[in-house]
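Read the structure below first, then the notes.
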Amino acid sequence: MNTDILSNTQLDALKSLIQESANIIVCCHKSPDGDALGSSLAWAEYLRTLGKEANVIVPDAYPDFLQWLPNSERIIRYDKHADTKAAELFKNADTVFCLDFNEPGRTYEMQDTLMQSAARKVMIDHHLNPAMDTALTVSHPEMSSTSELIFRIIRQLGGFEEMSRHCATCIYCGMMTDTGGFTYNSNNPEIFHIISMLLTKGIDKDKIYRNVFNNYSVWAIRLRGYIMSQKLKTFADINACYFTITRRDMRDFHFIKGDAEGLVNEPLKIKGMKLSISLREDDRHNNLIWVSLRSVDDFPCNKVAAEFFNGGGHLNASGGRLFCTLAEAENTVRRAIAHYQDLLKKT
């Protein structure tokens, strides 16, 4: 099965960029998820096999359940080293690979440093509407994940035979997390051909699943139970629901980053449910609400995110943010559900 993704022109350009670069940065979006980290760590490892100095820089903290990923201890957090190590690396970089984001604003506080760097930028991403000045853009929104793109690119560059188990583990983790354990956006048979190839590298896919999805603290489980039992608001006749997570909730349940990961998917287990929305107060900034949306079948939660929540994403998995109080955010959710109620009611 052919997994090539680059045109001949893109392939030649990428080879030249890598060959001409000695100091490389691999970066991703704010609040890195499994795909952002998996693709970044895998790509950096591949570049190191070519003798390149490749550093992974992320804007801020990533979930506790991803800290087992191979080489994650080498990740540099921009929010902790903005004026020291990160600044020096951006200053001296020849090329910056921008993975799993379609425009620089998604790096938030790291945006200015990223864009002011004289290094050439290369985007590798699977989100809609890429908007960044780059030397090379590899954009394929039809792909399941950026990690899938990284696999295809490494193989097309001739790097599969030498691919390490660590690299394959990171790629599989990214593909798995961005498809909810291959439960959405994963009907392309080529995805499972790629998985079979990754398995030849000795990855333990069952352990990877447990590390990501069965790795919560007692307090995280209690929080999830509380939110589902006490905070979930459903609109049964419209097949939609939402819930809120407040600062008090996070304080009461000793919240750490990642404790609410995937929680927005849980209400979709309700028979007939088509849309689930999560509203979470930022733990440091007032009037900042983080929004996550999930849907099933052909309901476009990315359109809802773009129209009502200053966001976007994929058909069944999207996000956004609101600059308002939580009560105002709830009103926005209700307006969004009412606006799309006819489509939500369709069987």
*Could you tell me what percent of the accessible area of region 40-87 is made up of carbon and sulfur, with a 1.4 Å probe and every protein chain present?*
43
*asked:* If I model a spin label at R335 and K85 as a point 7 Å from the Cα along the Cα→Cβ vector, what separation in nanometres do I get?
replied: 4.5
*Please calculate how many Å² of accessible area region 1-109 carries per residue, with a 1.4 Å probe and no DNA, RNA or ligand atoms counted.*
40
*[x] 31, 58, 11; [y] 30, 52, 13, 3, 0; [z] 26, 49, 23, 2, with the label sought being that of the calculated P(r) over Cα pairs in 20 Å bins from 0, in percent*: [x]
_Taking R0 as 25 Å, what FRET efficiency do you get between T234 and A327 from their Cβ-Cβ distance, rounded to the nearest 0.05?_
0.85
*Inter-probe distance in nm under a simple model that places probes 7 Å from Cα toward Cβ, at M1 and D64*: 3.7
*asked:* Considering only C-alpha atoms, what is the centroid distance from region 270-314 to region 168-222, in Å?
replied: 23
*Between D112 and N129, what is the label-to-label distance in nm when each label sits 7 Å out along the Cα-to-Cβ direction?*
2.6
*Largest first and in whole Å, give the semi-axes of region 250-293's equivalent ellipsoid, each being the square root of 5 times a Cα gyration tensor eigenvalue.*
23, 13, 7
*For region 43-136, what Kirkwood radius comes out of the mean inverse Cα-Cα distance, in Å?*
14.1
_Rg to Rh quotient for region 209-347, alpha carbon positions, Kirkwood Rh_ = 0.95
*asked:* Can you give the longest run of the chain that contains no GluC sites (Glu not before Pro) sitting in a DSSP loop with at most 15 other Cβ atoms inside 10 Å?
replied: 163-347
*Using only alpha carbons, build the gyration tensor for region 198-242 and give me the equivalent ellipsoid semi-axes, biggest first, whole Å.*
34, 17, 4
*Between Y209 and S16, what length in nm is gained on full extension when 0.36 nm per residue of separation is reduced by their alpha carbon distance?*
65.8 nm
*Could you compute the FRET efficiency for E142 and E307, with r as their C-beta to C-beta distance and R0 at 25 Å, rounded to 0.05?*
0.65
_Of F182, I171, F160, farthest towards positive along the dipole that unit charges on Lys, Arg, Asp, Glu beta carbons give region 112-188_ = F160
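The values are calculated or read from the model by the stated rules, or taken from the named source; none is laboratory data. This one's a predicted model, so the numbers in the text were calculated from it and none came from an experiment. Here Cβ is always computed from backbone atoms with ideal geometry, including for glycine, and neighbour counts include all displayed protein chains. These accessible areas exclude ligands, DNA and RNA; they are computed on the full protein's heavy atoms, side chains included. Shrake-Rupley method; radii C 1.70, N 1.55, O 1.52, S 1.80 Å.
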